[in-house]
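Have a look at the structure below, then the notes.
The values are calculated or read from the model by the stated rules, or taken from the named source; none is laboratory data. Keep in mind that what you see is a predicted model, and the values were worked out from it rather than measured. A quick note on method: Cβ atoms are made from the backbone with ideal geometry, for glycine too, and the neighbour counts reach across all protein chains shown. Areas reflect the complete protein model, heavy atoms only, side chains present, ligands, DNA and RNA absent. Shrake-Rupley method; radii C 1.70, N 1.55, O 1.52, S 1.80 Å.
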Amino acid sequence: MTRPIRIANISGFYGDRLAAAREMIDGPDPVDVLTGDYLAELTMFILWKARRKNPDAGYATTFLRQMEQVLGDCLDRGVKVVANAGGLNPHGLGSKLQALAVTLGLDLKIAIVDGDDILADLPRLQEAGEALAHLDTQISLADATITPVTANAYLGGFGIAAGLAGGADIVITPRVTDAALVVGPAAWWHAWAPTAHDEIAGAIVAGHIVECGPQATGGNYSFAAQELVDDRYPGFPIAEIAADGSSVITKQPGSGGAVTVGTVTAQLLYEIDEPRYRNPDAIARFDSVRLRQIGPDRVSVTDVRGLPPSGFLKVAINYSGGWRNTMSMVVAGLDLDGKVRRATSMLGELLGGWSTFADHDIRLVGEELRITVKDEDPSKVGRQFSNAVMELLLASYAGAYATTPPSEASEYGVYWPTLVPSAVVEHSVTLPDGSRLVI
């Protein structure tokens, strides 16, 4: 294709605005691809808990509801859909989508990316000498003596590109990089080779800008009160990516928020460490990016330079950290510190001492006393704890009342980031005709 591809974001996380897909399709400007990010790191742990209860689960169910609203229009207009909503069960989501299409009387072609799940390979990798060291602490996985429940490598965008080239209307992925959701469609549209590092890097930057939805259009923007006059819910962003990798960030005309150099810069620097932003398909040099306001709600992204990929893939490992519970009480009036001391002393007495828990945290946030306890025994941090907090209400300090009801403990996950050589991960895609292609 000679013109830029228009890739629209419709989700920045699992639970984001359901109406985003419908609003994007109904907008005055046409788009070529709808894409959404549903997988924060600990979302994988949430999906694991869902799949533990139901083996058919493990994907982002909200994606199905979004597609029910727009699938017919997408097929009529030739709009492709690319989403990492597959989570831990991309083939399961693919089956649900096919069933939805049959219900709607639609002929749907789906491609499914696979290969990210390396949980079963961890012992073999460790035996081969891979330390799977934590990226921050450098502690090896073996020395940590933990039991991973998920381990997913961040795949690149060329499985997505192959799925689209194979005729797919929708490409479902598991854990890919957030930017890969944009790199894949752009590489397919412009027929980029994997060695087109500058062009790919430009798409990585554009993908990073739009991946968190309305954060690029004024959402969570620190200077909104001073710079933005539109207080409506921000519209979701669109990236227009040209063949040379340059792009324009915009949104649907008439939607809320704004696209300015400021809003784009805020998102550009979000979750960024060093200027060389490593992705599976290329390394994008963020110190080369140039932003310019070229019109109302239009910011150009140019001059991005890329380097070959590092040869390693990041891996998101999650393990169960145990059980926790949090209760909150309002502390108002005079002598807040004294009231907090009185309440926590009484609560410690009721619970048999704070040392009975593996960990605890007590803090005053504004006028809210927030108490969190953690332990490997769910009974200790469940109703035994939350009921004890309720016993303080008539016995501790003047004006005491709880803002949380008595509750059971909840299991929580802990994130372990690490690296593996790219060569140990088999990135593949199942095409609409049923054939499987290794990337």
Item to check | Filter result for R290 (without any contact (Cβ under 8 Å) to a residue 40 or more places away in the chain and within 30 Å of I46 (Cα to Cα)) | outcome: no
Scanning the range 132-148 for residues that are touching a residue at least 60 places away in the same chain (Cβ under 8 Å) and either of a type in the set (K, R) or open to solvent by 20 Å² or more (accessible area, probe 1.4 Å) (or both) gives A133, H134, L135, D136, A144, I146, T147, P148
- Message: Regarding the range 181-195, can at least one residue be identified that is open to solvent by less than 20 Å² (accessible area, probe 1.4 Å), within 19 Å of the chain's Cα centre (by Cα) and closer than 15 Å to S11 by Cβ?
- Response: yes
A21 passes all but one of the listed conditions (1) over 30 Å from L119 (Cα atoms); (2) more than 15 Å from the chain's Cα centre (by Cα); (3) modelled with pLDDT of 95 or more; (4) surrounded by fewer than 24 Cβ atoms within 10 Å (Cβ to Cβ); the exception is number (4)
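State yes or no: is R370 farther than 30 Å from L268 by Cβ and buried (at least 16 other Cβ atoms within 10 Å of the Cβ)?
Taking the combined requirement at face value, the residue satisfies it.
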- Message: So for the range 271-282 (the condition being part of a strand (DSSP E or B) and open to solvent by less than 60 Å² (accessible area, probe 1.4 Å)), does at least one residue qualify?
- Response: yes
K314 passes all but one of the listed conditions (1) open to solvent by 60 Å² or more (accessible area, probe 1.4 Å); (2) of a type in the set (D, E, K, R); (3) assigned to a helix (DSSP H, G or I); (4) in contact (Cβ under 8 Å) with a residue 24 or more places away in the chain; the exception is number (3)
Listed by first then second residue, the pairs whose first member lies in the range 396-423 and is farther than 23 Å from L350 by Cα and outside any strand (DSSP E or B), whose partner is at pLDDT 95 or above and open to solvent by 20 Å² or more (accessible area, probe 1.4 Å), with beta carbons under 6 Å and at least 6 positions apart or on separate chains, are S422/G311
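Being surrounded by fewer than 19 Cβ atoms within 10 Å (Cβ to Cβ), farther than 16 Å from E23 by Cα and not acidic (D, E) is the filter here; which residues of the range 52-63 pass it? Let's see the steps before the verdict.
Residues of the range 52-63 surrounded by fewer than 19 Cβ atoms within 10 Å (Cβ to Cβ): 52-57, 61-62.
Narrowing further to those that are farther than 16 Å from E23 by Cα: 52-57, 61.
Scanning the range 52-63 gives R52, K53, N54, P55, A57, T61.
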- prompt: So is G166 over 23 Å from the mean Cα position of the chain (by Cα) and not hydrophobic (A, V, I, L, M, F, W, C) or not?
  reply: yes
